[in-house]
Amino acid sequence: MTVPRHFDKDIEELNHLLLRMGAMVEDAMARSIRALLERDTVLANEVIARDDEIDRMEIVIDQKTIELIAKMQPTASDLRFVATIMKITPELERIADLAQDVCERVIELNREPMLKPVSDLPRLAHDAQAMVRQALDAFVRGDAALARQVIAQDDNVDDLTESSFRNLLTYMLEDARNISSAIRLTFIGKYFERMADGATNICEMVVYLVEGKMIKHTAHAAAGE
Amino acid sequence: MTANLRRRKLFSRLFEILCGLAVVIALIPLAMILFYVIKEGAGALNWDFFTRMPKPVGETGGGMANAIVGTLILIGIAALFAVPIGGICGVHLAEYPSTKFSSVVRFAADVLNGVPSIVVGIFAYGLVVLPVKRFSAIAGGVALGFLMIPIVVRTTEELLRLVPGGLREGALALGATRGRAVFGVIVPAALPGILTGILVALARVAGETAPLLFTALNNRFWSTSLTQPIASLTVQVYTYAQSPYDDWHRQAWAGAFLLVMIILTLSIAARLAVRRLERMNRP
Amino acid sequence: MNLVLEPESKIAAPRMAPIQMNDIQTESKISVRDFDFFYGPLQVLHGISLEIPAQKVTALIGPSGCGKSTFIRSINRMNDIITDARASGTITIDGKDVYGGDTDVVELRRKVGMVFQKSNPFPKSIYDNVAYGLRIGGMRNKRQMDEIIERSLTRAALWHEVKDRLHASALALSGGQQQRLCIARALAVDPEILLMDEPASALDPIATSKIEELIYELKDNYTIVIVTHNMQQAARVSDRTAFFMLGKLIEYADTNAIFMNPREKMTEDYVTGRFG
């Protein structure tokens, strides 16, 4: 019964572009985590340099999305798809920027002697990374259930951020020479928390895409801040 | 220019010429009639012709005033008789196109159309003349009316059918009953064409002679009474043409010319009426 | 624990229910229950049931031959003129059965006006066109007629264009103007419901948008049902949309729901143009 339309390949193309951008962002995130854990300044600089590419992708996707709206006047699921793309793209770009921020802090950190390990920070970083990866998976597969699970993990990430911070606080109180590095690490924790928030926002849009329900600013916000 | 193109242009030119020739040939009889009629009759077409009564046998001069008026009266009666009947018939056929009754009516109209005019005249004789034992203008008018009816019926039906269905729907949707829709909207919309049909029918019967022979007869004197025989151009021309008098022959030609002119006028009037009314109807 | 070092603070959002496409309850002007329609042995409408709300615009969409025109014509019984046509089920307007034995069809058609796809002004003057409905309704008072005619032409957004030539032929107007004239003509008899069967499909885009604006203005005072094959038009103009296919009502919901998140796959396929 359904016939192919000539817009279908435009939609496919948008999909591919988004996934490519997603891959690039995941890559940046992974590298920034490695740079952090291995104190690798070279890697950190690479991530910073590569960010321009990701910014360019956002512009291309925006352009193509608006063209599609103008030509196609999308409705129903096509409309929700286009709206989703328009909302996910800046989230991805922000996550990439945050990875860049992480790397800038890493470079600064590496100029100072290494601090004692912060127990929850690596876990925080990996959890945030997993959330972003799962969010993109949920988008690809149209899996609203997975999206909802990811959203639920956000509380966990918030907790880890909090506990990392407490940890760093004690280091700062122990020895004033730790303050500089500890503060930079606090920022890094915050960045990962915000990457996780980005993943959450992406998942909210996935639910909208699949089910047509807008769940932004609901349920999980009740956790309170 | 390629050879093909040249050949095609040649053929085109040839066919253009042939068509023109065909038109000319078709028009020759009309032209000749007009020419003859004018040539022979122009001499007798004078003021007297239009205003004077026929002179007694043998005398020269006089005119066909009574015949001219008679013809006009006769076609007037014919119209009065045929238009309502034919019109209503046409409306019925258009409104109920597929009933058995309608097919019968249509068939009857077609048959009536083909009946020789003299037979119609005899019929009118039996119908109108015999019962009252007198010839009359009414009888003549009725005979001509019968000849008009099929034309009016068919024209009315065709033209009502041509009115776009949207008009009927529009009227009905505003709360018009069917009758109101037909008579208030559809018939007025078809009116230009219907009037043409009537004028064409009038033109036809104005030139009929045979039916008048047994009904209106002829009248040498001035009479506009409907219950008396009445003169008509056609019968008068017929009578004069058969006479041995030259003067009468000339008057017959003049009468013929006048007949042709009347028919021409009616046809042109039909055209003009259509054009004027169409301006109201232009889609 | 909110700290000064926090680069951004999260504002606690109030708890909101997820946004649902709710069916808003308004009063029903036209109530359709299990309505079937037959042309002879052929059934063209199957068990149509829906409630058309008052003073809103309801659009009927669907592919050609899906029965939407037949359905809309059943509301004012324009299908009566088709021989061999038969209806079963009920359509009630304000509670009165349209096909009931004591229904006066002429009265019905005054209460329910109709505008057609191809505009059909009578070959009369503009004035006489709008006055037609009034005249057959028995109105004789010229002053009253003049008032109503001016009001109707104003409501149809045509008054200023024709006020100086009311006695000119209606056929001299442009296509868009003729259609607005037909709307004025329908409005003159003061209907409660206006049925529009693809009113703009024969018009150019500018005339079309004028008609759409008009529909938007009219809906405050009239219940409007519009058949359209132009989905963007349905989306622009209507409050509720019904999707018909093969004589069945597939989905009926708020227009937003139909065009953003339809429930049925067939609706989704039709609305996104994937229909084969």
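The values are calculated or read from the model by the stated rules, or taken from the named source; none is laboratory data. What you are looking at is a predicted structure, and each value in this text was computed from that prediction instead of being measured. Cβ atoms come from the backbone with ideal geometry, glycine included; neighbour counts cover every protein chain shown. Keep in mind that these areas ignore ligands, DNA and RNA; they rest on the heavy atoms of the full protein, side chains included. Shrake-Rupley method; radii C 1.70, N 1.55, O 1.52, S 1.80 Å.
Sub-7 Å Cβ pairs linking a first residue in region A:91-103 that is at pLDDT 95 or above to a second residue that is aromatic (Phe, Trp, Tyr), at least 6 apart or interchain, are A:LEU98/A:TYR191; A:ASP101/A:TYR191; A:VAL102/A:TYR191, ordered by first then second residue.
For C:ARG140, state whether it is in a loop (DSSP other than H, G, I, E, B), of a type in the set (Lys, Arg) and free of Cβ contacts under 8 Å to residues at least 40 places away in the same chain.
Numbers: in a loop (DSSP other than H, G, I, E, B): yes; of a type in the set (Lys, Arg): yes; free of Cβ contacts under 8 Å to residues at least 40 places away in the same chain: yes.
Answer is yes for this residue.
Evaluate region C:130-139: report whether one residue or more is facing chain B (nearest Cβ under 9 Å), out of contact with any Asp or Glu (no Cβ under 7 Å at 6 or more places or on another chain) and surrounded by 21 or more Cβ atoms within 10 Å (Cβ to Cβ). Even if it seems obvious, please write down each step before you answer.
In the first step, residues of region C:130-139 are kept if they are facing chain B (nearest Cβ under 9 Å); the result is C:132-133, C:135-137.
Adding the requirement that they be out of contact with any Asp or Glu (no Cβ under 7 Å at 6 or more places or on another chain) leaves C:132-133, C:135-137.
If we keep only those that are surrounded by 21 or more Cβ atoms within 10 Å (Cβ to Cβ) too, we end up with C:132-133.
Looking for residues that are facing chain B (nearest Cβ under 9 Å), out of contact with any Asp or Glu (no Cβ under 7 Å at 6 or more places or on another chain) and surrounded by 21 or more Cβ atoms within 10 Å (Cβ to Cβ), one finds at least one in region C:130-139, hence yes.
Please find, among A:THR84, A:THR89, the residue that is crowded, with 20+ Cβ neighbours inside 10 Å, within 14 Å of another protein chain (Cβ to nearest Cβ), of a type in the set (Ser, Thr, Tyr) and in contact with a helix residue (DSSP H, G or I) (Cβ under 7 Å, 6 or more places away or on another chain).
Matching residue, one of A:THR84, A:THR89: A:THR84.
Condition first: closer than 15 Å to A:LEU136 by Cβ, in a helix (DSSP H, G or I) and among the acidic types (Asp, Glu). Can you find one or more residues in region A:82-94 that meet it? Yes; the residues of region A:82-94 include at least one that is closer than 15 Å to A:LEU136 by Cβ, in a helix (DSSP H, G or I) and among the acidic types (Asp, Glu). The set of residues in region A:108-160 that are part of a helix (DSSP H, G or I) and among the polar types (S, T, N, Q) comprises A:ASN110, A:GLN129, A:GLN134, A:GLN149, A:GLN153, A:ASN156. The numbered conditions (1) β-branched (Val, Ile, Thr); (2) touching a strand residue (DSSP E or B) at 6+ places or on another chain (Cβ under 8 Å); (3) within 9 Å of chain B (Cβ to nearest Cβ); (4) surrounded by fewer than 16 Cβ atoms within 10 Å (Cβ to Cβ) are all true for C:VAL115 except (4). Residues that are at the interface with another protein chain (Cβ under 8 Å from one of its Cβ atoms) and either touching a helix residue (DSSP H, G or I) at 6+ places or on another chain (Cβ under 8 Å) or not in a helix (DSSP H, G or I) (or both) were ranked within region C:82-112; the one that is surrounded by the fewest Cβ atoms within 10 Å (Cβ to Cβ) is C:ARG110.
Rundown of residues vs (1) of a type outside the set (Lys, Arg); (2) in contact (Cβ under 8 Å) with a residue 40 or more places away in the chain; (3) farther than 14 Å from C:ARG135 by Cβ, yes/no style:
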site: B:GLU157; (1), (2), (3): yes, yes, yes
site: B:LEU162; (1), (2), (3): yes, no, yes
site: B:LEU167; (1), (2), (3): yes, no, yes
site: B:GLY175; (1), (2), (3): yes, no, no
site: B:ALA181; (1), (2), (3): yes, no, no
site: B:VAL185; (1), (2), (3): yes, no, no
site: B:ALA189; (1), (2), (3): yes, yes, yes
site: B:LEU202; (1), (2), (3): yes, yes, yes
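For region A:176-206, which residues satisfy the criterion of being open to solvent by 40 Å² or more (accessible area, probe 1.4 Å), farther than 16 Å from A:LEU36 by Cα, within 14 Å of another protein chain (Cβ to nearest Cβ) and of a type in the set (D, E, K, R)? A:ARG194 - this is the single residue of region A:176-206 that is open to solvent by 40 Å² or more (accessible area, probe 1.4 Å), farther than 16 Å from A:LEU36 by Cα, within 14 Å of another protein chain (Cβ to nearest Cβ) and of a type in the set (D, E, K, R).
Quick one: in region C:118-129, of everything that is within 20 Å of the chain's Cα centre (by Cα) and open to solvent by less than 50 Å² (accessible area, probe 1.4 Å), which residue is nearest to the other protein chains (Cβ to nearest Cβ)? So that I can check it myself, show each step before the final result.
So in region C:118-129, the residues within 20 Å of the chain's Cα centre (by Cα) come out as C:118-121.
The next check asks that each one be open to solvent by less than 50 Å² (accessible area, probe 1.4 Å); those that pass are C:119-121.
Details: C:SER119: 8, C:ASN120: 3, C:PRO121: 8 Å.
Taking the candidates together, the pick is C:ASN120.
So if I check each of B:LEU191, B:LEU147, B:LEU199, which one is open to solvent by 20 Å² or more (accessible area, probe 1.4 Å), closer than 25 Å to B:LEU266 by Cβ and either touching an Asp or Glu at 6+ places or on another chain (Cβ under 7 Å) or within 11 Å of chain C (Cβ to nearest Cβ) (or both)? Break it down stepwise before answering.
Numbers: B:LEU147 fails: open to solvent by 20 Å² or more (accessible area, probe 1.4 Å); B:LEU199 fails: either touching an Asp or Glu at 6+ places or on another chain (Cβ under 7 Å) or within 11 Å of chain C (Cβ to nearest Cβ) (or both).
Every option except B:LEU191 fails the conditions.
Does B:PRO211 satisfy the criteria of being assigned to a loop (DSSP other than H, G, I, E, B), over 30 Å from C:PRO121 (Cα atoms) and in contact (Cβ under 8 Å) with a residue 60 or more places away in the chain? When the stated conditions are applied, B:PRO211 does not pass them.
Remark: pairs (first residue in region A:109-134, under 10 Å from A:PHE192 (Cα atoms); second residue among the charged types (D, E, K, R); Cβ separation under 6 Å; 6+ apart in sequence or on different chains) are absent. Residue check: B:MET261 meets all listed conditions (1) open to solvent by 40 Å² or more (accessible area, probe 1.4 Å); (2) in contact (Cβ under 8 Å) with a residue 60 or more places away in the chain but one, namely (2).
Being assigned to a helix (DSSP H, G or I), over 21 Å from B:GLY76 (Cα atoms) and open to solvent by 40 Å² or more (accessible area, probe 1.4 Å) is true of B:ALA241. Among the residues of region A:32-64, the ones that are closer than 29 Å to A:ASN15 by Cβ, open to solvent by less than 60 Å² (accessible area, probe 1.4 Å) and not aliphatic (A, V, I, L, M) come to 5 in all.
Checking each residue in region C:177-193 for being open to solvent by less than 10 Å² (accessible area, probe 1.4 Å) and outside any helix (DSSP H, G or I) picks out C:PRO191, C:ILE193. When C:GLU217, C:GLU212, C:GLU198, C:GLU147 are checked against the criterion of being charged (D, E, K, R), within 14 Å of chain B (Cβ to nearest Cβ) and open to solvent by 10 Å² or more (accessible area, probe 1.4 Å), a single residue qualifies: C:GLU198.
Does region A:152-163 include one or more residues that are more than 13 Å from chain C (Cβ to nearest Cβ) and closer than 30 Å to C:ALA257 by Cα? Yes, the conditions are met somewhere in region A:152-163. Can you confirm whether C:MET231 is within 14 Å of chain A (Cβ to nearest Cβ), in contact with a Ser or Thr (Cβ under 8 Å, 6 or more places away or on another chain), aliphatic (A, V, I, L, M) and farther than 22 Å from C:THR70 by Cα? Against the criterion (within 14 Å of chain A (Cβ to nearest Cβ), in contact with a Ser or Thr (Cβ under 8 Å, 6 or more places away or on another chain), aliphatic (A, V, I, L, M) and farther than 22 Å from C:THR70 by Cα), C:MET231 does not qualify. In summary, helices (runs of 4 or more DSSP H) completely within region B:1-102 and bearing 2 or more residues that are open to solvent by less than 100 Å² (accessible area, probe 1.4 Å) and over 26 Å from B:LEU144 (Cβ atoms) occur at B:3-41. The number of residues in region C:22-81 being within 15 Å of C:LEU195 (Cβ to Cβ), part of a loop (DSSP other than H, G, I, E, B) and within 14 Å of another protein chain (Cβ to nearest Cβ) comes to 2.
Checking each residue in region C:241-276 for being away from chain A (no Cβ under 14 Å) and open to solvent by less than 30 Å² (accessible area, probe 1.4 Å) picks out C:ALA242, C:PHE244, C:GLY247.
Counting only strands (runs of 3 or more DSSP E) that sit wholly inside region C:198-273, those with at least 3 residues that are under 13 Å from the mean Cα position of the chain (by Cα), under 27 Å from C:PHE37 (Cβ atoms) and at pLDDT 90 or above are C:223-227, C:240-245.
For first residues located in region A:162-183 and within 27 Å of A:ALA196 (Cα to Cα), partners that are open to solvent by 40 Å² or more (accessible area, probe 1.4 Å) and assigned to a helix (DSSP H, G or I) and lie 6+ apart or on another chain with Cβ distances below 7 Å form the pairs A:MET172/A:ILE179.
All of A:LEU173, A:LEU169, A:LEU209 fail the test of being open to solvent by 60 Å² or more (accessible area, probe 1.4 Å) and in contact with a Ser or Thr (Cβ under 9 Å, 6 or more places away or on another chain), apart from A:LEU169.
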